[in-house]
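To start, the structure itself, in structure tokens.
The values are calculated or read from the model by the stated rules, or taken from the named source; none is laboratory data. Predicted model only: the values in this text are computed from it and were never measured. Cβ: placed from backbone, ideal geometry, glycine included. Neighbour counts: every protein chain shown.
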Amino acid sequence: MATQIGDIILYLQQLGVYDYFLPFLLIFAIIFAILEKTSILGKDKTNINAVISMVIGLLLVVQQNIVSIINSFLPRASLIIIIILISMLVISLVGGSSAGYSGGVFGVIVILILIGLVWSVSPDLGFNLNISENTRNIIIIVVIIVLIMAFMTRKPSTSKKSGLESFTDFMGGFKDNGGRKI
């Protein structure tokens with residue numbers, strides 16, 4: 001069964017679906033959505049928006065160097081989105097309840113989670129994280145000193161919010177010019 005699915009994918013690749021059809025469909029959908037949302041050409045001009053989107057999509061597909069950039073960029077962007085979603089899931093597990101971590105402790109946990117996730121995918125991304133023992137010890141000492149200094153110089157928090165609530169309030173503060181949340 002798995003070879004049949006692999007054969008289908010190879011057949012679609014040989015037909016040029018990945019080099020022509022999918023990039024065209026992506027660019028067409030993005031341009032059409034932008035034209036419909038912004039109403040640059042006027043309201044109720046769906047036909048004109050579709051024609052312009054189709055022309056731009058077809059002109060892009062002819063430029064195979066641009067298509068190759070799109071085909072190499074989108075999987076990487078998808079990987080970054082997956083890493084961000086997993087980070088948010090792990091962070092919500094750590095500080096999910098109202099009695100969760102807050103303040104600097106939550107910030108340190110978030111940073112450690114992000115470092116761990118980057119470390120977990122680093123061999124696949126081509127990063128070489130093999131560092132010497134001396135360098136690792138120096139990094140550990142510096143991190144410990146920074147944590148001690150941050151703990152000693154912090155001001156007590158007056159809010160009773162958990163770390164997750166503080167994070168969601170921070171993320172909820174991003175709004176566009178119309179006052180809507182992004």
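Taking Phe24, is it of a type in the set (A, V, I, L, M, F, W, C), in contact with a Ser or Thr (Cβ under 8 Å, 6 or more places away or on another chain) and part of a helix (DSSP H, G or I)?
Working: of a type in the set (A, V, I, L, M, F, W, C): yes; in contact with a Ser or Thr (Cβ under 8 Å, 6 or more places away or on another chain): no; part of a helix (DSSP H, G or I): yes.
In short, no.
I need the full set of residues from segment 30-55 which are free of Cβ contacts under 8 Å to residues at least 24 places away in the same chain, in a helix (DSSP H, G or I) and hydrophobic (A, V, I, L, M, F, W, C), in order please.
The first filter runs over segment 30-55 and keeps only residues free of Cβ contacts under 8 Å to residues at least 24 places away in the same chain, leaving 30, 32-52, 55.
Next, only the ones that are in a helix (DSSP H, G or I) stay: 30, 32-38, 46-52, 55.
Hits for segment 30-55 are Ile30, Phe32, Ala33, Ile34, Leu35, Ile48, Ala50, Val51, Ile52, Val55.
So in segment 133-157, with the set limited to residues that are outside any loop (DSSP other than H, G, I, E, B) and touching a helix residue (DSSP H, G or I) at 6+ places or on another chain (Cβ under 8 Å), which one is modelled with the highest pLDDT? Give the derivation first.
Step one: filter segment 133-157 for residues outside any loop (DSSP other than H, G, I, E, B), giving 133-153.
Still in the running and touching a helix residue (DSSP H, G or I) at 6+ places or on another chain (Cβ under 8 Å): 147, 150-151.
Numbers: Leu147: 76, Ala150: 72, Phe151: 70.
Among residues in segment 133-157 that are outside any loop (DSSP other than H, G, I, E, B) and touching a helix residue (DSSP H, G or I) at 6+ places or on another chain (Cβ under 8 Å), the one modelled with the highest pLDDT is Leu147.
Please give the number of the condition Lys37 fails out of (1) under 30 Å from Leu114 (Cβ atoms); (2) exposed (fewer than 11 other Cβ atoms within 10 Å of the Cβ).
Among (1) under 30 Å from Leu114 (Cβ atoms); (2) exposed (fewer than 11 other Cβ atoms within 10 Å of the Cβ), Lys37 violates only (1).
Take the conditions touching a helix residue (DSSP H, G or I) at 6+ places or on another chain (Cβ under 7 Å) and modelled with pLDDT under 75 and apply them to Leu60. Does it pass?
Numbers: touching a helix residue (DSSP H, G or I) at 6+ places or on another chain (Cβ under 7 Å): yes; modelled with pLDDT under 75: no.
No.
Please go through segment 3-27 and give me each residue that is under 28 Å from the mean Cα position of the chain (by Cα) and of a type in the set (D, E, K, R), ordered by number.
Asp19, the sole residue that qualifies.
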